[in-house]
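What follows is a set of notes on a single structure, which appears directly below.
Read-outs: derived from the displayed coordinates by stated rules, not from any lab. No experiment lies behind these values; they were computed from the predicted model shown. Cβ placement follows ideal geometry from the backbone for every residue including glycine, while neighbour counts extend to all protein chains displayed.
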Amino acid sequence: MTTALPEWFYPGPPGGWTADMLDHLPADAPRHVELIDGALIMMSPQTAFHMLVINLLIDRERGIRPPSDLMVAREMTVTIGMRQRPEPDVVLVKKSAMTNLLTTSFKPEDVHLVVEVVSPESVERDRNTKPSKYSDAGIKHLWRIEQEDERPVAYTFELEPAVKAYVPTGIHRERLRTNIGFDVDIDLDLSTFIHG
């Protein structure tokens, strides 16, 4: 069974897709679309694991608890360049970047942390493509969270500014303890979200 793409999608606009065009996609466009190297990437339906990890990270009691000048946001794009507008699953961003309630994307200089929760269809993008875009843009911290034996494992990275590349700062199972300019301590047990 094949599904035809809508007329607006293919072949796309003359000269290709640009970051500003994401705010003007037709009403029938998928809710979550990111732009990587000028190509529109449609997000697959998320798994329960993906949803639960995001819920954990944004939870005010159990998740990331930033200082007062930062805020946690989910599924907002970061405009890195004319043809780059990835959508991390979670971002930690300066509150001052939330200029109004119509904000749809953040600038990399306002982003303190990006988090990618890996899905089967996003492994290559989340492990290779997007981290290189984020490091080139100067985003200081990256977390990649994958499923291992039905549990989350968090890989944490910090930008090495001299070479603009991420270096690993840890692999975290059961508990994510690290410092990203402030201390983070997150119990990675997802069962409380399922069993109460």
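Side notes on the structure shown:
- Of Asp23, Asp126, Asp183, the one that fluctuates the most in a GNM where the chain has Cα springs shorter than 10 Å: Asp23
- A Gaussian network model of the chain, with springs between Cα atoms under 10 Å, assigns the largest mean-square fluctuation among Gly181, Gly15, Gly138 to Gly15.
- Distance between the 7 Å Cα→Cβ label points at Ser96 and Asp69: 0.7 nm.
- Over the range 75-137: Kirkwood hydrodynamic radius from C-alpha pairwise inverse distances, Å: 12.1
- For the residues Leu52, Leu70, Leu102, a GNM of the chain with alpha-carbon springs under 10 Å puts the largest fluctuation on Leu102.
- Between the beta carbons of Thr129 and Glu160, assuming R0 = 22 Å, the FRET efficiency works out to 0.70 to the nearest 0.05.
- Summary value for the chain: 15 percent relative contact order, contacts being C-alpha pairs under 8 angstrom separated by 6+ residues.
- Sum of -39500 (n - 2.57) over DSSP H runs of 4+, divided by residues of the chain (222 nm, nearest 500): -3000 deg cm²/dmol
- Per-pair calculated FRET efficiency, R0 = 30 Å: Glu150 and Glu61 via Cβ, rounded to 0.05: 0.80
- Among beta bridges from DSSP that stay inside the range 45-195, the antiparallel ones total about 80%.
- For the chain, the equivalent ellipsoid derived from the Cα gyration tensor has semi-axes of 28, 20, 16 Å, listed largest first.
- Calculated SAXS-style log₁₀ I(q)/I(0) at q = 0.12, 0.13, 0.24 Å⁻¹ - the range 79-178, Debye, Cα scatterers: -0.40, -0.47, -1.35
- Pair Asp187, Met51: separation of 7 Å Cα→Cβ label points (nm): 2.3
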